[in-house]
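Participant: I have a structure here, written as structure tokens, and I will follow up with some questions on it.
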Amino acid sequence: MIELSEELLLRMYYKMNQARYFEEKLDELVSKGKVHGTVHLAIGQEASGVMPCLALEEGDLVSMSHRSHVQAIGFGLDVNLMMAECLGKYTGYCKGKGGSMHIADVENGNLGGNGIVGGGFNLSCGAALTQKYHNTGKVVLCFAGDGATNTGSFHESLNLASIWKLPVVFFIENNQYGMSNPVENHINIENISDRSEAYNIPGLTIDGNDFLGVYNTATKALRYARAGKGPVLIEAKTYRYSGHSKSDKQLYRDKRELIEWQKKDPLLKMKEYLRENRVFTEKQILKMEEEARVSIEQAVEFAQKSPQPELTTILEDVYA
Amino acid sequence: MMKTSDMIKMTYRDAIRLGITEEMRQDKDVIFLGEDIGTYGGAFGVSKGLLEEFGEERILDTPISEGAIVGTAVGAATTGLRPICEMMFMDFITLGMDALVNQGAKMRYLFGGQSQVPMVLRLPAGSGTGAAAQHSQSLEAWLCHVPGLKVVTPSSPAQAKGLIKAAIRDNNPVCFIEHKMLYDAVGLVPIDEDYILEIGKTIVERPGKDVTIVAYGTTLLKAIEAAEFLEEEGIKVEILNPLTLYPIEMQPIIDSVIKTGCLIVAHEAVKTGGLGGEIVARVVESEAFDYLTAPIIRLGGLDVPIPFNQELEAATVPQRNDFVHGVYRLLNRI
């Protein structure tokens with residue numbers, strides 16, 4: 001059993017709440033027409049997005065999917081800079097050039113969100129190759145969704161990572177839909193992790209809404225990869241409450257399905273855990289939630305007050 | 001001017017290998033990955049002997065997974081290595097295009113300048129080997145349509161060494177196009193380990209005054225043959241070689257057209273949508289427009305997949321006589 005300190009539990013609960021508020025606030029801004037372009041929200045996926053990141057060690061790297069805000073908050077990115085990027089501001093992580101889908105903090109090991117489904121797999125192999133080559137002892141955590149596991153790059157990457165024993169953990173958030181396509185319509189096996197067998201690497205399917213299970217499994221997988229034993233494939237079954245993006249009318253799913261999953265909400269489950277185990281007082285729990293909410297309000301304020309990029313920046317940073 | 005004593009004779013293939021070897025010796029972060037580049041020595045023998053010198057950690061034989069080769073190189077480059085990767089044939093870049101175009105080329109810009117992607121993608125291109133339509137293409141126009149990439153192509157052994165070294169030292173993804181029919185071409189190559197050909201330059205290969213020809217790859221050699229033939233008739237052709245196809249340096253071409261008033265632009269790649277059209281457009285947009293004395297001629301590959309049969313294959317791409325006839329037409333000699 002992995003020891004959970006109070007400090008870690010606090011961080012877990014705070015970040016999951018921060019992620020939820022971030023997405024809800026962004027949803028609100030989108031519906032008010034305050035966001036140019038689209039956003040991909042991961043409400044409901046807070047445990048599967050945040051927990052693997054909290055299992056990382058200092059110096060580990062992460063590559064994120066197109067639905068990356070929750071993952072980014074888990075990794076420790078600054079919500080002010082994230083929100084500013086979502087609003088296209090110069091103070092954002094990418095100076096307003098990437099937007100919601102491409103938040104990154106490369107210097108600190110965050111290799112960014114990726115607008116190409118499956119685009120991050122082989123980038124992660126490359127980042128892992130660097131760690132192996134320089135013997136850094138660091139691991140790359142590669143996030144992707146269920147849909148991404150049907151791309152060629154998924155299979156090429158798992159094979160390459162397996163034969164070269166690259167220190168990478170492929171973490172699949174199976175949120176049940178590839179855009180509108182239900183997973184049973186696009187994958188003909190029960191568990192995506194079964195695909196690991198074809199590459200002779202460990203594969204695990206877990207409840208993606210169970211914060212503790214996700215954290216423990218990610219910790220073990222990262223330890224395995226760090227020990228030089230090669231990659232691990234994890235599938236976390238979870239659910240996204242929002243549509244694929246802002247234009248999604250969600251005609252492909254039954255509202256009852258959503259309600260069933262909301263009963264298994266990752267934040268609720270963690271709150272129950274905290275109450276049952278009397279880790280924090282009710283007051284402390286409320287305080288954490290409030291602090292998380294305020295941090296997002298402040299992020300919106302920061303973003304809205306931030307300047308637009310100057311037109312002269314258009315030509316900057318095409319080449320190094 | 002370099003003294004002959006500072007040069008050695010070698011093939012284009014050996015010159016590329018020499019450039020890679022020198023760079024790998026002086027920078028431990030340079031690694032090389034591709035299909036059959038280890039013991040086999042690469043499909044065209046470019047990496048022969050590198051495994052023995054640099055070992056399996058730096059010379060990485062990959063599975064037949066072009067997307068993973070390019071994508072892994074991008075990921076490695078972003079995190080501190082300087083990978084060289086090889087597509088066995090340029091045609092196979094179709095399988096690595098996402099990693100190259102959507103990831104490697106755009107990462108720096110998308111992230112607001114946070115990252116750099118110092119990698120080289122080696123691409124053996126062109127026809128003449130009897131390998132038919134899936135192993136003979138010249139696809140540089142695709143790559144020259146992607147801001148964030150640099151595209152270079154040497155036509156001589158010396159250029160091959162100077163450019164591969166520059167490409168490896170560059171902090172951007174550089175597509176290095178090697179024409180397969182040049183691998184055995186022999187020339188003098190500077191032995192200086194700091195001999196670098198700056199990326200972004202168009203050079204005058206042969207000075208002249210009557211007609212300007214812009215060509216690269218093996219097509220350049222055909223243009224030179226034509227120029228030698230025409231010289232006997234007193235016609236002096238000026239030949240320009242855009243060693244960097246993208247971003248291309250236009251001024252030397254514009255200056256030459258101002259001098260000659262006549263222009264032929266040529267390449268093996270399919271004429272429609274080819275780079276020749278872009279070069280021509282930039283010439284007519286420039287001050288050189290007023291100096292043109294005849295319509296511009298574009299020579300390019302026919303709009304067909306490259307056929308297998310030797311005669312058909314040769315007839316698909318511009319040859320020496322196409323240049324000769326072109327020059328005659330421009331000078332009203334036919």
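The values are calculated or read from the model by the stated rules, or taken from the named source; none is laboratory data. Remember, it's a predicted structure, so these values are computed and weren't measured experimentally. So basically every Cβ, Gly included, is an ideal-geometry build from the backbone, and we count neighbours across all protein chains shown. Heavy atoms of the whole protein, side chains included, go into the accessibility calculation; ligands, DNA and RNA do not. Shrake-Rupley method; radii C 1.70, N 1.55, O 1.52, S 1.80 Å.
Participant: Which residue out of A:N191, A:N209, A:N185 is surrounded by fewer than 19 Cβ atoms within 10 Å (Cβ to Cβ) and touching a Ser or Thr at 6+ places or on another chain (Cβ under 9 Å)?
Facilitator: A:N191
Participant: If you don't mind, another one. Checking A:T238 against (1) more than 21 Å from A:D27 (Cβ to Cβ); (2) buried (at least 20 other Cβ atoms within 10 Å of the Cβ); (3) not basic (K, R): exactly one of these is not met. Which one?
Facilitator: (1)
Participant: For segment B:96-144, enumerate the residues that are touching a His at 6+ places or on another chain (Cβ under 8 Å), in contact (Cβ under 8 Å) with a residue 60 or more places away in the chain and of a type in the set (A, V, I, L, M).
Facilitator: Hit for segment B:96-144 is B:A125, nothing else.
Participant: Report whether or not A:S157 is polar (S, T, N, Q), part of a helix (DSSP H, G or I) and surrounded by fewer than 20 Cβ atoms within 10 Å (Cβ to Cβ).
Facilitator: no
Participant: Just one of the numbered conditions (1) in contact with a Ser or Thr (Cβ under 9 Å, 6 or more places away or on another chain); (2) open to solvent by 10 Å² or more (accessible area, probe 1.4 Å) is not true of A:V39; which one?
Facilitator: The single condition A:V39 does not satisfy is (2).
Participant: Would you say B:G38 is away from every other protein chain (no Cβ under 14 Å), in contact (Cβ under 8 Å) with a residue 12 or more places away in the chain, in contact with an Asp or Glu (Cβ under 8 Å, 6 or more places away or on another chain) and assigned to a loop (DSSP other than H, G, I, E, B)?
Facilitator: For B:G38, the condition - away from every other protein chain (no Cβ under 14 Å), in contact (Cβ under 8 Å) with a residue 12 or more places away in the chain, in contact with an Asp or Glu (Cβ under 8 Å, 6 or more places away or on another chain) and assigned to a loop (DSSP other than H, G, I, E, B) - is not met.
Participant: Limited to segment A:144-157, what total is found for residues that are under 17 Å from A:G115 (Cα atoms) and facing chain B (nearest Cβ under 8 Å)?
Facilitator: Matching residues across segment A:144-157 total 2.
Participant: Can you tell me which residue is most open to solvent (accessible area, probe 1.4 Å) among those in segment A:93-117 that are in a loop (DSSP other than H, G, I, E, B) and more than 8 Å from every other protein chain (Cβ to nearest Cβ)?
Facilitator: Step by step, filter segment A:93-117, then rank; the result is A:V117.
Participant: Consider segment B:47-100. How many of its residues are more than 10 Å from chain A (Cβ to nearest Cβ), of a type outside the set (D, E, K, R) and open to solvent by 10 Å² or more (accessible area, probe 1.4 Å)?
Facilitator: Of the residues in that region, 9 qualify.
Participant: Could you grab me the full set of residues in segment A:52-92 that are of a type outside the set (A, V, I, L, M, F, W, C), touching a His at 6+ places or on another chain (Cβ under 9 Å) and either assigned to a helix (DSSP H, G or I) or open to solvent by less than 10 Å² (accessible area, probe 1.4 Å) (or both)?
Facilitator: Scanning segment A:52-92 gives A:S68, A:H69, A:E85.
Participant: Please note which helices (runs of 4 or more DSSP H) are completely contained in segment B:243-333 and include at least 1 residues that are touching a His at 6+ places or on another chain (Cβ under 8 Å) and modelled with pLDDT of 95 or more.
Facilitator: Helices (runs of 4 or more DSSP H) meeting the threshold: B:275-285.
Participant: Still on this model: May I ask you to list the residues in segment B:303-334 that are open to solvent by less than 50 Å² (accessible area, probe 1.4 Å) and free of Cβ contacts under 8 Å to residues at least 12 places away in the same chain?
Facilitator: Result: B:Y328, single match.
Participant: Restricted to segment B:191-213, and to residues that are of a type in the set (A, V, I, L, M, F, W, C) and closer than 15 Å to B:G162 by Cα, which residue is most open to solvent (accessible area, probe 1.4 Å)?
Facilitator: Applying the filter and picking the extreme gives B:I191.
Participant: Starting from segment A:246-266, keep only residues that are exposed (fewer than 11 other Cβ atoms within 10 Å of the Cβ), then list their pairs with residues that are not small (G, A, S) whose Cβ atoms are within a distance under 8 Å, requiring at least 6 positions of separation or different chains.
Facilitator: A:S247/A:T38
Participant: Checking B:Y109 against (1) within 14 Å of chain A (Cβ to nearest Cβ); (2) in contact with a strand residue (DSSP E or B) (Cβ under 6 Å, 6 or more places away or on another chain): exactly one of these is not met. Which one?
Facilitator: (2)
Participant: I need a count of the residues in segment A:118-132 that are touching a helix residue (DSSP H, G or I) at 6+ places or on another chain (Cβ under 8 Å) and either free of Cβ contacts under 8 Å to residues at least 40 places away in the same chain or open to solvent by 20 Å² or more (accessible area, probe 1.4 Å) (or both).
Facilitator: So the count comes out to 6.
Residue-wise test of (1) at pLDDT 95 or above; (2) within 14 Å of the chain's Cα centre (by Cα); (3) not hydrophobic (A, V, I, L, M, F, W, C).
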position	(1), (2), (3)
B:T78	yes, no, yes
B:L95	yes, no, no
B:G104	yes, no, yes
B:Y109	yes, no, yes
B:P124	yes, yes, yes
B:A133	yes, no, no
B:L149	yes, yes, no
B:S155	yes, yes, yes
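Participant: Now for a separate question. Look at A:L141 and say whether it is surrounded by fewer than 23 Cβ atoms within 10 Å (Cβ to Cβ), in contact (Cβ under 8 Å) with a residue 24 or more places away in the chain, away from chain B (no Cβ under 11 Å) and under 14 Å from the mean Cα position of the chain (by Cα).
Facilitator: No, not satisfied.
Participant: Can you pull out the residues in segment B:180-190 that are in contact with a strand residue (DSSP E or B) (Cβ under 6 Å, 6 or more places away or on another chain) and either within 17 Å of B:G45 (Cβ to Cβ) or buried (at least 24 other Cβ atoms within 10 Å of the Cβ) (or both)?
Facilitator: Scanning segment B:180-190 gives B:K180, B:D184, B:V186, B:V189.
Participant: Search segment A:204-230 for residues that are on the phi > 0 side of the Ramachandran plot and pair each with any residue that is open to solvent by 50 Å² or more (accessible area, probe 1.4 Å) and part of a loop (DSSP other than H, G, I, E, B) when their beta-carbon atoms are under 7 Å apart and the residues are at least 6 apart or on different chains.
Facilitator: Listed pairs, sorted by first residue: A:G228/A:K165; A:G230/A:K165.
Participant: Which residues, counting only those in segment B:100-128, are under 29 Å from B:V304 (Cβ atoms) and in contact with a helix residue (DSSP H, G or I) (Cβ under 6 Å, 6 or more places away or on another chain)?
Facilitator: Matches in segment B:100-128: B:L100, B:L123, B:P124, B:A125, B:G126, B:S127, B:G128.
Participant: If only one of B:K150, B:K180 is assigned by TED's automatic domain parsing to the domain that holds B:A43, more than 26 Å from B:A315 (Cα to Cα) and among the charged types (D, E, K, R), which one is it?
Facilitator: Answer to the check: B:K150.
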